Amino acid sequence: MKKLSVITTLAFFAASAPALAHLDPGGHGSFADGFSHPLFGLDHVLAMVAVGLWAALLGGRAPWLVPAAFVGTMVIGFLTALAGAPLPFVEPAILASVVTIGLVAAVALDVPVPAAMAMVGFFALFHGHAHGGEMGAAGAGAYAAGFAVATALLHATGVAVGGTVARLAGMATGRMITRLAGAATALGGLWLAVAG
């Protein structure tokens, strides 16, 4: 199981391309389209795994509540886009989420769980709006279910990596490795911003 989490994470990174999560809008609308949408953009993958890493560092109930806040608010952003409500700076906010959440994981920012939920929720609104803005004409429910499941799996990967590293390397060393993974995420976000 531990090897599977690491292999899954590496597979997500290998399959991702910088900021290319946004596929042909006409092809969207199914569960498979929704599921694949977060997996084929490095910006989405990094942000969502970073949420899991930070949640693992926060401990307690955070590994469940922080990702749940992201997924729930992302669905609200999706519905906002479907309703035609504009949201400014969607792509810059998505890139900012990669850098910011990576940085808070890197410094192991210790905040109350509700504050962490609010922070990731803010960024999730933009991720959801991007998903909604690029969905085809049909299948909103199936499409939303697909990206929600994929997002939850990416969060779970970050939580599992953080928890597995802590168990294998010892708590102090494991936290440092998880924090380094957060720093790498933030650097990846900066690279995407410059490359884009």
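Each residue in the stretch 87-100 was checked for being of a type outside the set (V, I, T) and closer than 21 Å to P112 by Cα, and 1 of them qualify. Are any of the residues in the stretch 125-141 surrounded by fewer than 16 Cβ atoms within 10 Å (Cβ to Cβ), more than 21 Å from P88 (Cα to Cα) and without any contact (Cβ under 8 Å) to a residue 60 or more places away in the chain? Yes, the stretch 125-141 contains a residue that is surrounded by fewer than 16 Cβ atoms within 10 Å (Cβ to Cβ), more than 21 Å from P88 (Cα to Cα) and without any contact (Cβ under 8 Å) to a residue 60 or more places away in the chain. Screening A115, A148 for residues that are at pLDDT 95 or above, in a helix (DSSP H, G or I) and surrounded by fewer than 16 Cβ atoms within 10 Å (Cβ to Cβ) leaves exactly one candidate, A115.
For the stretch 1-86, the helices (runs of 4 or more DSSP H) that sit wholly inside it and include 1 or more residues that are within 27 Å of P112 (Cα to Cα), at pLDDT 95 or above and aromatic (F, W, Y) are 42-58, 62-82. Inspect the stretch 171-190 for any residue being surrounded by 17 or more Cβ atoms within 10 Å (Cβ to Cβ), assigned to a helix (DSSP H, G or I), touching a Pro at 6+ places or on another chain (Cβ under 8 Å) and of a type in the set (A, V, I, L, M) and give the result as yes or no. Within the stretch 171-190 (the criterion being surrounded by 17 or more Cβ atoms within 10 Å (Cβ to Cβ), assigned to a helix (DSSP H, G or I), touching a Pro at 6+ places or on another chain (Cβ under 8 Å) and of a type in the set (A, V, I, L, M)), the answer is no, since none of the residues qualifies. Pairs are defined by a Cβ separation below 7 Å, a sequence spacing of at least 6 or placement on different chains, a first member in the stretch 171-196 that is at negative phi and at pLDDT 90 or above, and a second member that is outside any helix (DSSP H, G or I) and not aliphatic (A, V, I, L, M); the pairs so defined are L192/P18.
Examine the stretch 118-131 for a residue that is more than 12 Å from the chain's Cα centre (by Cα), closer than 23 Å to L190 by Cβ and of a type in the set (G, A, S), and state whether such a residue exists. Yes, because at least one residue in the stretch 118-131 is more than 12 Å from the chain's Cα centre (by Cα), closer than 23 Å to L190 by Cβ and of a type in the set (G, A, S).
The values are calculated or read from the model by the stated rules, or taken from the named source; none is laboratory data. Just so it is clear, the model here is predicted, and its values are computed rather than measured. For neighbour counting, all protein chains shown are included, and Cβ atoms are generated from backbone atoms with ideal geometry for every residue, glycine included.
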